[in-house]
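J.: Mind having a look at this structure? Questions to follow.
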Amino acid sequence: MPVFSLFGEGFESALLTCSLILLIPGAAVGLTAGGKSAIPAMSAFWVGVLGLSWLRFSDRGGGFSNLVIAAGLLVAVVALVVPVIARADRAAPGATLAGLVAGGAAAELWRPCVGEHFGGLLNSLPERGLSGLWLMAVYLVGTLSPLIVVGALQQLAPESWRSRIDPIGAAVGGLLLGALALATALGLHEALVSQLFLWSVDNV
């Protein structure tokens with residue numbers, strides 16, 4: 001399977017609304033983690049998405065209930081927001097763990113836009129071993145590439161700005177993750193994910 005084509009499909013999917021169910025929580029994790037914790041937290045988010053997506057689409061695991069997914073998102077919110085409220089160091093491992101949990105939860109909600117190469121990967125994923133995990137990773141690098149911009153902007157912001165920007169980012173990110181957790185617990189996310197997918201199909 002052409003690796004570059006798979007990456008290209010992932011990058012194209014980042015421009016479609018079906019990927020917002022991954023990109024918005026990922027950006028929220030980065031905003032809430034803030035500062036030096038943003039990149040480790042978003043990297044952990046990517047790992048969480050990769051691991052749960054691979055388990056789910058290869059029929060090796062996943063399939064958690066709405067309440068479990070919502071609980072995971074809430075755990076991530078608490079782990080990210082409490083240090084902000086306490087004015088503690090957000091470079092602690094808690095931000096990385098929160099990113100991992102949030103990534104896994106987002107992967108459970110994800111309904112991907114399927115192109116030719118990614119569709120072929122999904123069909124063969126149950127029979128593939130670690131090669132399937134590697135190819136899924138390549139696709140997700142493309143899909144989650146906008147998060148690199150979020151992390152880069154946070155790192156490039158002048159230190160004098162961060163004291164003002166970080167609390168706002170933490171509030172916005174926490175609200176987004178909390179809203180997604182509530183919507184998932186109430187079962188409202190299903191209509192949202194379906195609508196995002198339909199908009200993507202209309203734009204292809």
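We did not get these values from a lab; they are worked out from the coordinates using the rules stated. Just so we're clear, the structure is a prediction, and the values are computed from it rather than from any experiment. Here the Cβ positions follow ideal geometry from the backbone for every residue, glycine too, while neighbour counts run over all protein chains shown.
J.: Label-point separation (nm) for SER145 and SER124, each offset 7 Å from Cα along Cα-to-Cβ?
T.: 2.3
J.: Of the listed peptides 132-145, 39-52, what is their order by residue-averaged count of other C-beta atoms within 10 Å, with the highest listed first?
T.: On the way: 132-145: 20.8, 39-52: 23.4.
Taking the mean over residues of other Cβ atoms within 10 Å, the ranking is 39-52, 132-145.
J.: Any idea how far the Cα center of the stretch 128-157 sits from the one of the stretch 1-73, in Å?
T.: Going from one Cα centre to the other spans 8 Å.
J.: For the chain, take the longest principal axis of its alpha carbons; what is the angle in degrees between that and the long axis of helix 3-13, to the nearest 10 within 0 to 90?
T.: Between helix and principal axis, roughly 60 degrees.
J.: Expressed as a rounded percentage, what relative contact order does the chain have, with Cα pairs under 8 Å and six or more residues apart?
T.: 41 percent.
J.: Go through 193-200, 122-129 and give me the packing order, highest mean Cβ count within 10 Å leading.
T.: Peptide ranking by packing, descending: 193-200, 122-129.
J.: Sticking with this one: So for GLU116, GLU12, fewest C-beta neighbours within 10 Å to most, what's the order?
T.: GLU116, GLU12
J.: Treating only the Cβ atoms of Lys and Arg (+1) and Asp and Glu (-1) as charged, compute the dipole magnitude of the chain about its Cα centre; round to the nearest 20 debye.
T.: Roughly 520 debye for the chain.
J.: Work out the FRET efficiency for PHE64 and GLU116 from their Cβ-Cβ distance, taking R0 = 22 Å, and round it to the nearest 0.05.
T.: For PHE64 and GLU116, the calculated efficiency is 0.15.
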